[in-house]
Structure formats: C-alpha cells, structure tokens
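Have a look at the structure below before the remarks.
Laboratory data are not the source of any read-out in this text; all were calculated from the coordinates shown. All values reported here derive from a predicted model rather than from experimental measurement. Reconstructed Cβ throughout: ideal geometry from the backbone, glycine too, with neighbour counts over all protein chains shown.
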Amino acid sequence: MATAQLNKSYFNDEAAKYDSKNEKGLQQLTQAIQARLDFIGADWVDDDEDDDAAGGDGRQLRLLDYACGTGMVSRALAPYTTQCVGIDISENMVATYNARAENQGLAKEDMFAVVGDIADPNDPEPTSLSSPELFNFDLAAVGGGFHHFENPKLTATRLVERLRPGGVLFIWDFLTHEPDNHQASHTVTHHGFSEAQVREMFESAGAGKNFALEDLGSGIIVGGHHHGGNSHSHGHHGEGTQPRKRQVFLARGEKL
Ligand SMILES: C[S@@+](CC[C@H](N)C(=O)[O-])C[C@H]1O[C@@H](n2cnc3c(N)ncnc32)[C@H](O)[C@@H]1O
C-alpha cells in the first residue's frame with residue numbers, strides 16, 4: 001500500500017485518541033511555537049480585536065495548517081491569525097479538528113479543515129482542493145507531517161504555491177535520528193531531517209528567503225499511552241508504544 005494510504009488508515013484509527021495519547025508533547029510544542037512568534041516572523045494580528053474576520057487594524061492573516069491532525073498548530077496560532085484552514089489526508093483527523101473548532105464556539109469560516117492530499121502523484125490538481133479559499137495564504141504550516149510524506153520536496157512546493165508572495169512556510173519536525181520501531185513505523189518515510197536537507201527543501205520549493213531553523217533540543221515527548229484507555233491493553237500488538245524523546249526543530253522561510 002502507498003505511504004499516503006497507510007497514513008490515512010493509521011491516523012483514521014488514531015484520531016479519537018491522538019490528543020490524549022500525545023498530550024504532553026502537544027503541550028510542549030504549543031508552548032514552543034507560541035514563544036517563537038518573532039522567529040516564525042509572520043505579520044501577526046491581534047485576533048482579540050477581531051471584527052469581521054479581520055485583525056484590529058483590518059488586516060487578515062490566513063493560516064494553512066497542512067497535515068493538520070486534530071489542529072494543535074492552528075490552536076497555537078489562532079490568537080495571532082484571522083483564519084485557520086486545515087487540510088489532512090485522514091477524514092477522522094479532519095472531523096476531530098472541526099469538532100474541536102465547533103466546541104470552542106468558533107464560526108466555520110474562522111477555523112475549519114477539509115480532507116485532501118496536495119501531493120498525490122495520481123491526482124496532481126485535486127478538484128476537492130481547488131476552491132479559492134484554499135489559496136493565497138499568508139502562512140502555511142506543517143506540524144510533524146514531513147517525516148510522513150512520500151515526497152516532502154513536492155509537498156513543500158505545492159504548499160508554497162498556495163502562499164501569497166512574501167508568505168511564510170513554517171514547519172516543526174524531527175532532526176535526523178536512528179530508525180526505531182514503534183506503532184507508527186510503517187507510516188514514516190524519513191527518520192528526521194538534517195538542517196541542510198530542510199534548507200534545501202525550502203529553497204527548492206521557493207520559500208528559501210530568510211530561511212532559519214531552530215533546534216528545540218531533545219526534550220519533546222512523542223508517542224505514549226492513551227490516558228483514557230484500558231491499561232491492560234498496553235504492550236499488546238499495536239498498543240503500548242513507550243513515550244520517547246525526540247529532537248525537534250522549527251524552520252521557517254519566505255516565498256520569493
Ligand atoms: C504526527 S500527525 C501531526 C498532526 C498535527 N499537525 C500536529 O502537529 O499535532 C501527522 C498528520 O499528517 C497527516 N498526513 C500524513 N500524510 C499526509 C499527506 N500525504 N497529506 C496530508 N496529510 C497527511 C496524518 O493524517 C496526520 O494527521
């Protein structure tokens with residue numbers, strides 16, 4: 001089965017437990033992202049003054065959250081943007097993203113996600129992703145997606161096509177690590193990336209201007225147990241992945 005289909009199927013099964021299972025790491029990443037707004041360097045707005053879906057001074061800042069999952073990156077950046085739009089290959093992840101947005105009392109146009117894959121070799125221009133509201137973003141972000149993509153360079157290029165000129169591409173992912181065996185190993189295409197590989201990816205995608213990468217160190221916790229689950233299932237096939245620490249980076253660059 002193609003990697004994209006393996007991801008779709010795995011994350012469809014994970015969607016309901018993803019947030020509780022990854023609670024600690026998602027918290028750490030949310031804090032790390034919110035502490036680095038200057039590093040990301042988008043033209044942030046103060047969404048508290050939001051009126052008519054624009055910032056206090058009337059500006060808009062539209063975020064595309066690709067491989068959005070349940071929406072951690074969107075929620076971390078929502079206070080500084082005027083609209084968050086998620087895309088994910090897993091329909092259950094998209095449903096969870098949308099349910100969380102709705103539960104927060106947000107209007108659909110402020111935060112919503114749709115199902116899709118912008119780098120499907122069999123469908124290079126998916127009609128489901130052709131609506132104008134899915135283009136001309138100020139910021140495109142990918143949280144923990146690149147190590148799952150069959151073709152990260154092509155995905156970066158397709159993302160940059162959806163940015164306005166001067167828009168920012170921002171990702172978090174893992175620095176190069178030893179291959180390890182865990183529950184989601186079959187969905188992983190890259191054992192992290194080196195700084196040189198990330199820079200090359202941004203440059204070839206057309207978002208290499210003012211490229212910067214920050215290493216967050218090796219303390220981010222990934223994987224782990226489902227807090228609400230049946231503890232007796234830990235250790236059985238497909239369950240019980242031990243939490244492990246990974247070296248995470250944030251990277252950003254601007255579309256030329
Ligand atoms: C580790 S999760 C990260 C979710 C979220 N961005 C976060 O930071 O918590 C990876 C996500 O990538 C999605 N994904 C994997 N391959 C994809 C593809 N080809 N296109 C779109 N989404 C994909 C999965 O469905 C999953 O939701």
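Shape of the stretch 54-169 from the C-alpha gyration tensor: oblate (a/c of 1.5 or more and a/b not above b/c, with a ≥ b ≥ c the square roots of its eigenvalues). Short-range pairs are left out: with C-alpha atoms under 8 Å and at least six residues apart, the relative contact order of the chain is 20 percent.
Going from the fewest other Cβ atoms within 10 Å to the most, the residues 252, 164 appear in the order 164, 252.
Relative to the Cα centre, the charge distribution of the stretch 110-154, modelled as +1 at Lys and Arg Cβ and -1 at Asp and Glu Cβ, gives a dipole magnitude of about 160 debye.
Residue ranges 95-104, 61-70, 126-135 sort as 61-70, 95-104, 126-135 when ordered by packing (mean number of other C-beta atoms within 10 Å per residue, highest first). Taking 7 Å steps out from each Cα toward its Cβ at residue 38 and residue 136 produces label points 3.2 nm apart. Exposure proxy for 88, 173: other Cβ atoms within 10 Å of each Cβ, ordered fewest to most, give 173, 88. Could you work out the local net charge near residue 249, counting Lys and Arg as +1, Asp and Glu as -1, over the other residues with Cβ closer than 12 Å to its Cβ? Neighbourhood net charge equals 0. If the segment from residue 215 to residue 245 were pulled out straight at 0.36 nm per residue, it would be longer than the present Cα-Cα gap by 9.4 nm. Report summary: the helix-based calculation at 222 nm, which adds -39500 (n - 2.57) for every DSSP H run with n ≥ 4 and divides by the residues of the chain, gives -9000 deg cm²/dmol. Here's the picture: charge each Lys and Arg Cβ at +1 and each Asp and Glu Cβ at -1 in the stretch 138-216, and of 190, 201, 167 the one pushed furthest to the positive end of that dipole is 167. Place a point 7 Å from Cα of residue 3 in the direction of its Cβ. Which residues in the stretch 190-217 have their backbone N less than 17 Å from it? Flagged as within label range: 190-195, 197-202, 205. Using the alpha-carbon positions of the chain, Rg (one decimal) and Dmax (whole number) come out as 17.4, 54 Å. Only the Cβ atoms of Lys and Arg (+1) and of Asp and Glu (-1) were treated as charged; on that basis the dipole of the stretch 91-231 about its Cα centre amounts to roughly 180 debye.
Take the Cα of residue 57, go 7 Å toward its beta carbon, and the backbone nitrogen atoms of the stretch 167-188 under 19 Å from that spot belong to 167-168.
Ordering 58, 89, 152 by Cα displacement along the dipole of the chain toward the positive end leaves 152 in first place; charges were set at the Cβ atoms of Lys, Arg (+1) and Asp, Glu (-1). In this structure, the amide hydrogen of residue 220, modeled 1.01 Å from its nitrogen in the peptide plane, lies closer than 5 angstrom to those of 246, 248, counting only residues at least 5 positions away or on a different chain.
For the pair residue 176 and residue 190 in one chain, pulling the backbone fully straight at 0.36 nm per residue adds 4.2 nm over the alpha carbon distance.
Among 221, 89, the order by Cβ neighbours within 10 angstrom, fewest to most, reads 221, 89. Against the main long axis of the alpha-carbon atoms of the chain, helix 152-161 sits at an angle near 20°.
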